[in-house]
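Okay, structure first, notes after.
The values are calculated or read from the model by the stated rules, or taken from the named source; none is laboratory data. Since this is a predicted model, take the numbers as computed values, not measurements. Cβ coordinates were reconstructed from backbone atoms using ideal geometry, including for glycine residues, and neighbour counts include every protein chain displayed.
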Amino acid sequence: MNGMFHRILPLGSAGKVAIAGKFTPDRNEKAQVAKVLFLVVQGNGPNAVTVEGEGQWVAGGPNEWTGKVSRTGPLAGGGTGSLVQGFARGIALAIVVKPGKLTGSRFDPPTIQALTWCSDFEFV
């Protein structure tokens, strides 16, 4: 599996912020859905703001996961801050449930596979 954040993401001016990136399962996987939990961290030191998001990838569509985050979150130094245009860091965890299979008379149960990634991107 391979996951990433798009390098450029629109911040917009109101409401939740759409976050997206590439997600490519292994060629031999039969996964239908991947759940993606992610963080967006922007700034440094006590002024760093962190927001949490959740998204998903669905088989049969583009090799892209999508999710949304709030514009505001806690500051490392206390209080609340907002996302702004500029560089940010994305940290993500994708969980894929691979279906079980019947091998002769034996059933091999479903398995869970996880992938983590971290990358910088820019809000424009």
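Taken together, the residues in segment 70-124 that are surrounded by 11 or more Cβ atoms within 10 Å (Cβ to Cβ), aliphatic (A, V, I, L, M) and farther than 25 Å from Trp57 by Cα amount to 3.
One residue stands out in segment 102-124 among those that are touching a strand residue (DSSP E or B) at 6+ places or on another chain (Cβ under 8 Å) and of a type in the set (Ser, Thr, Tyr): the one that is farthest from Pro25 (Cα to Cα), namely Ser119.
Output yes when any residue across segment 77-97 is within 18 Å of Gly12 (Cβ to Cβ), of a type outside the set (A, V, I, L, M), in a loop (DSSP other than H, G, I, E, B) and more than 12 Å from the chain's Cα centre (by Cα), and no when none is. Checking segment 77-97: at least one residue is within 18 Å of Gly12 (Cβ to Cβ), of a type outside the set (A, V, I, L, M), in a loop (DSSP other than H, G, I, E, B) and more than 12 Å from the chain's Cα centre (by Cα).
Yes/no per residue for (1) over 25 Å from Leu115 (Cβ atoms); (2) of a type in the set (Ser, Thr, Tyr):
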residue	(1), (2)
Gly45	yes, no
Val51	no, no
Val58	no, no
Asn63	no, no
Thr66	no, yes
Arg71	yes, no
Gly77	yes, no
Ser82	yes, yes
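Only a single criterion out of (1) under 16 Å from Met1 (Cα atoms); (2) in a strand (DSSP E or B) is not satisfied by Asn28, namely (2).
If you filter segment 55-69 down to residues that are among the hydrophobic types (A, V, I, L, M, F, W, C) and surrounded by 14 or more Cβ atoms within 10 Å (Cβ to Cβ), you find that the one that is nearest to the chain's Cα centre (by Cα) is Trp65.
If you scan segment 49-90, which residues turn out to be touching a residue at least 40 places away in the same chain (Cβ under 8 Å) and of a type in the set (D, E, K, R)? Scanning segment 49-90 gives Glu64, Lys68, Arg71, Arg89. Selection within segment 9-30: residues that are buried (at least 20 other Cβ atoms within 10 Å of the Cβ) and at pLDDT below 95. The member of this set that is nearest to Arg71 (Cα to Cα) is Phe23.
State whether the residues of segment 104-121 include one that is closer than 19 Å to Ala14 by Cα and either assigned to a loop (DSSP other than H, G, I, E, B) or of a type outside the set (S, T, N, Q) (or both). There is no residue in segment 104-121 that is closer than 19 Å to Ala14 by Cα and either assigned to a loop (DSSP other than H, G, I, E, B) or of a type outside the set (S, T, N, Q) (or both).
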